[in-house]
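The values are calculated or read from the model by the stated rules, or taken from the named source; none is laboratory data. Because the structure is predicted, anything quoted here is derived from the model rather than measured. Virtual Cβ from ideal backbone geometry, glycine too; neighbours counted across all protein chains shown.
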Amino acid sequence: MSYEQKLMQMKKLLKKKTVDKVVPEVKKEIPAPSYEQQWLDAGLTKEQNEHGIVYKRIVEYHSDHRHGDIVLFGLKATVDEWRRSGEPHPLSPDFSKPLLFFDTETTGLKGAGTLIFLMGFIEQTASSFKLTQYVLPGPDHEAAFLYASDLWKESATLVTYNGKSFDVPQLETRWTMNRNVLPPLLTHTQIDLLHGSRRIWKDEMGTFRLPAIEEKKLGFKREGDIPGHMAPIIYQDAVKNGRAELLMKVLDHNEWDILSLVALYIRSTDLLLKTEVSASAVTQTNIGKWFADLKSYERSKLIFEQSIAEYGVDHPMTHFHLGFILKREQAYQEAVRSFTIASTGLTGRERIIALEELAKLYEHRVKEWEEANRVTKEAIWHLQVDPELSERFRSRASNAFAKREIRIQRKLFPGEAQETTSGANS
């Protein structure tokens, strides 16, 4: 066969060859779990979206619902109180966003394999409070479960308990694992009431677990609650065997958690912003210091003065913190009085710092060098005998006071050779 004939044969074959059509991939629908009816019978409802199935429960509370000692309706006054105060504070909400109280239950504490299996939200409506809980049917429906939360739709202020360290990072991790099918997760403002509770009740609470806060600060005691560490086990059993009775107990546990968030937010705000609300000297001092750390000095001073009017010198730590504000205001004689009370009533590190502030005031502001010398010697003595002090702090402070003593004595006795107290005792 000639070369030309071979080319003609190949041309005929090319004409006969058909192009394969590209058939679009049909998205396979994930079937409902076999135990669906058992979950529905237990009180859950079914919701479907483009990503699969999720089960949920909705509970509504009348505005006068009481959780422990706190009436939920107080939340409106709480938000109004923050709006009136104008305080830039970690517990102040973003008024441009809806306020959601949010909590999760997970299959573990960390790791890429840890799933969120329950998300709960409470929001205030015009006349009530609405709790919505979403339950994950299984890993195949995780995208549907996350999508149902609407956290991709509108940015909100999320109020949590340890949410900054746990709930929100877990949510972000699971969202990342489903990023190919889900719209992007929005950035939400966060208010973490665990951090707030530690600031408000420091030195008053032995533990900051939420049930302890509930009992001691909210007047709420759980009855018939499941231990939190049992929730993952109960969920795994509900997915494997369909048993939903105990699963509903997990939902109750989550419900109490979120109701406590509402009550705790109201209680915390009352303590922070309402001067007529009574609190211990420790609590008032903690709150005053928090505002001082935020540079809200006027409110901080008001809180310290209110505590002193009620408790006098019984809580010297209040005088300690007030002294710094008075010094900042250049009210030096008043600051001397505050630090004198603090140095007399406190021990350990705070006593040394109070004496140091007194020495500074006497030396540089009040110009009473004999008093500055006396206070310096007192501090040096405490540095030598106080067992509460760390060696690092003791060494640093001793060196500073030794230099101060030499400088003050030069002012008292110019032209004379000086020997420090610490040097005489060494």
* To do: Output the helices (runs of 4 or more DSSP H) that fall wholly within segment 1-116 and possess 2 or more residues being at pLDDT 95 or above, farther than 30 Å from Met230 by Cα and under 33 Å from the mean Cα position of the chain (by Cα), or say none.
  => 74-85
* Candidates Leu185, Leu218, Leu251 - the one that is farther than 26 Å from Ala42 by Cβ, assigned by TED's automatic domain parsing to the domain that holds Leu40, hydrophobic (A, V, I, L, M, F, W, C) and touching a Lys or Arg at 6+ places or on another chain (Cβ under 8 Å) -> Leu218
* **Residue that is nearest to Glu334 (Cα to Cα), among those in segment 364-385 that are buried (at least 16 other Cβ atoms within 10 Å of the Cβ) and either of a type in the set (Ser, Thr, Tyr) or within 42 Å of the chain's Cα centre (by Cα) (or both)** => Val375
* Asked: Does at least one position in segment 213-224 carry a residue that is under 17 Å from His67 (Cα atoms), part of a helix (DSSP H, G or I) and free of Cβ contacts under 8 Å to residues at least 24 places away in the same chain?
  -> yes
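For (1) charged (D, E, K, R); (2) more than 25 Å from Lys216 (Cβ to Cβ); (3) touching a helix residue (DSSP H, G or I) at 6+ places or on another chain (Cβ under 9 Å), each residue gets a yes or a no:
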| residue | (1), (2), (3) |
| --- | --- |
| Ile266 | no, no, yes |
| Asp270 | yes, no, yes |
| Ser280 | no, no, yes |
| Ala292 | no, yes, yes |
| Leu302 | no, yes, yes |
| Glu329 | yes, yes, yes |
| Thr344 | no, yes, yes |
* Asked: Conditions: (1) surrounded by fewer than 20 Cβ atoms within 10 Å (Cβ to Cβ); (2) out of contact with any Gly (no Cβ under 6 Å at 6 or more places or on another chain). Thr114 meets all but one. Number of the miss?
  -> (2)
* Considering every residue within segment 116-127, establish whether at least one is in contact with a helix residue (DSSP H, G or I) (Cβ under 6 Å, 6 or more places away or on another chain), farther than 22 Å from Leu247 by Cβ and hydrophobic (A, V, I, L, M, F, W, C). => no
* Please tell me if His319 is over 24 Å from Glu204 (Cα atoms), within 40 Å of the chain's Cα centre (by Cα) and part of a helix (DSSP H, G or I). => no
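Is it the case, given these coordinates, that Ile325 is farther than 22 Å from Glu405 by Cα, of a type in the set (Val, Ile, Thr) and within 33 Å of the chain's Cα centre (by Cα)?
Considered against the rule, which asks whether it is farther than 22 Å from Glu405 by Cα, of a type in the set (Val, Ile, Thr) and within 33 Å of the chain's Cα centre (by Cα), Ile325 comes out as yes.
Which of the following residues is out of contact with any Pro (no Cβ under 7 Å at 6 or more places or on another chain), closer than 20 Å to Glu154 by Cβ, of a type outside the set (Val, Ile, Thr) and buried (at least 22 other Cβ atoms within 10 Å of the Cβ): Gln133, Gln124?
Unique residue meeting the criteria: Gln133.
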* Structure fact -> Screening Thr285, Thr269 for residues that are crowded, with 22+ Cβ neighbours inside 10 Å, among the polar types (S, T, N, Q) and outside the structural domain of Arg198 (by TED's automatic domain parsing) leaves only Thr285
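Let's see how each residue does on (1) in contact with a strand residue (DSSP E or B) (Cβ under 6 Å, 6 or more places away or on another chain); (2) free of Cβ contacts under 8 Å to residues at least 12 places away in the same chain; (3) not in a helix (DSSP H, G or I):
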| position | (1), (2), (3) |
| --- | --- |
| Ser260 | no, no, no |
| Ile266 | yes, no, no |
| Val277 | no, yes, yes |
| Gln284 | no, no, no |
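Can you confirm whether Ser296 is among the small types (Gly, Ala, Ser) and within 23 Å of the chain's Cα centre (by Cα)? So that I can check it myself, show each step before the final result.
Values: among the small types (Gly, Ala, Ser): yes; within 23 Å of the chain's Cα centre (by Cα): yes.
Judged against the criteria, Ser296 is a match.
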* To do: Kindly list the number of the only condition in (1) over 29 Å from Gln284 (Cα atoms); (2) loosely packed, with under 15 Cβ neighbours inside 10 Å; (3) modelled with pLDDT of 95 or more that fails for Gln418.
  => (3)
* Pull up segment 263-293, narrow it to residues that are within 20 Å of the chain's Cα centre (by Cα) and among the acidic types (Asp, Glu), then point me to the one that is nearest to Lys202 (Cα to Cα). => Asp293
* To do: Determine whether segment 169-192 contains at least one residue that is closer than 30 Å to Val71 by Cα, of a type in the set (Asp, Glu) and surrounded by fewer than 14 Cβ atoms within 10 Å (Cβ to Cβ).
  => no
* Asked: Taking interchain pairs and intrachain pairs at least six residues apart, which have beta carbon atoms under 7 angstrom, with the first residue in segment 146-160 and within 15 Å of Phe95 (Cβ to Cβ) and the second surrounded by fewer than 23 Cβ atoms within 10 Å (Cβ to Cβ) and charged (D, E, K, R)?
  -> Ser155/Lys97; Ala156/Lys97; Thr157/Asp94; Thr157/Lys97
